Every structure is written in C-alpha cells, then in structure tokens.
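Presented below is the structure to which this report refers.
Any read-out appearing in this document is the output of simple, stated calculations on the displayed coordinates, not a laboratory observation. Model, not experiment: these values are computed from the prediction. Note that we place each Cβ from the backbone using ideal geometry, even for glycine, and neighbour counts take in every protein chain shown.
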Amino acid sequence: MAEQHGAPQQAAAGKSHGGLGGGYKDGLDHKLHLFENPAFGGCKMEIVDDDVPSLWAHGFQNRVASARAINGTWVSYEFPGYCGSQFPFELGEYRHWNEWATGQPQLQSVRRIRDQKWHKRGCFLSS
C-alpha cells in the first residue's frame, strides 16, 4: 500500500525545511532588513527590490547579526561579489546569525532569488 506525503510543513517563523521555494511566488517587490546586532539591534539596512554586491560599499559593515526577510527569498554571501558560503533568507525573522548556519556574523553581499515568469524584467517577447 503506497503512502501519500504532503508538502513539507513550514516552521512558525516562515522558514521551510528542505529547500527554497515551497509556495513562493515572486510577484511583489523584495524587501530585506539587515541588522548589525542580534535581536534586530544596532544599525539597520533596508534593501528593497535590488541586489547588493557589496554591503560595505553602501555604508554597512560586514557584520550582520540578525535579519528580517519581509518579502521574497534572498541569498546572502560571506564575501563581496556573491562569493563564499551562501545562506538563504526566506520569509521570516532571523534573530541571531546561528539561525542561518554560520559561526560568525559575516555577510558581505545579498541578492534576490527571482522567478522569471513573475519578474517584470524577466519577460521574453516573441518575434
């Protein structure tokens, strides 16, 4: 007798287990808040619908100790230029850097994960 398995359930904070996506749709602007200290303290950087190859170039140091993914799914990187270890931010709150599986609060670049069929600049015109 075959068993049917449903979609993985999401944690209370909105983070899925077992990969990115779930029922995610990329129709709205992306928004991410990064904080210099745990529990959303210290300096805050808001990123709206943009990729940031260097947080430092925008006046934010390499210390990101907590984050809020307000909308969209993001990938953060350990080094500038989208290099080094990658840490995904799905919809939800990350009160401490150990919630995204890193031993230190070092993030230096972030970019959006976009679904081309939903992204307004990702449309292809047929001729």
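Net charge near residue 108, counting Lys/Arg +1 and Asp/Glu -1 over other residues with Cβ under 15 Å of its Cβ? Can you show the working numbers first?
Values: positive: 63, 111; negative: 36, 51, 78.
Counting the neighbours of residue 108, the net charge comes to -1.
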TODO: Report the label-to-label distance for residue 39 and residue 115 in nanometres (one decimal), using points 7 Å from each Cα along the Cα→Cβ vector.
DONE: 3.7
TODO: Give me the distance in nm between label points sitting 7 Å out from Cα along the Cα-to-Cβ direction at residue 83 and residue 102, one decimal.
DONE: 1.6
- [ ] Check each of the chymotrypsin sites (Phe, Trp or Tyr not before Pro) in segment 31-61 and keep only those in coil by DSSP with at most 14 other C-beta atoms within 10 angstrom; list them in order.
- [x] none
Open item on the list: Restricting to bridges with both residues inside segment 31-115, how much of the DSSP beta-bridge set is antiparallel, in percent to the nearest 5?
Closed with: 100
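For residue 75 and residue 48 in the same chain, what is the full-extension length gain: residue separation times 0.36 nm, less their Cα-Cα distance, in nm? Could you put the intermediate results ahead of the total?
Values: separation 27, 0.36 × 27 = 9.72 nm, distance 1.40 nm.
Separation in residues times 0.36 nm, less the Cα-Cα distance, equals 8.3 nm.
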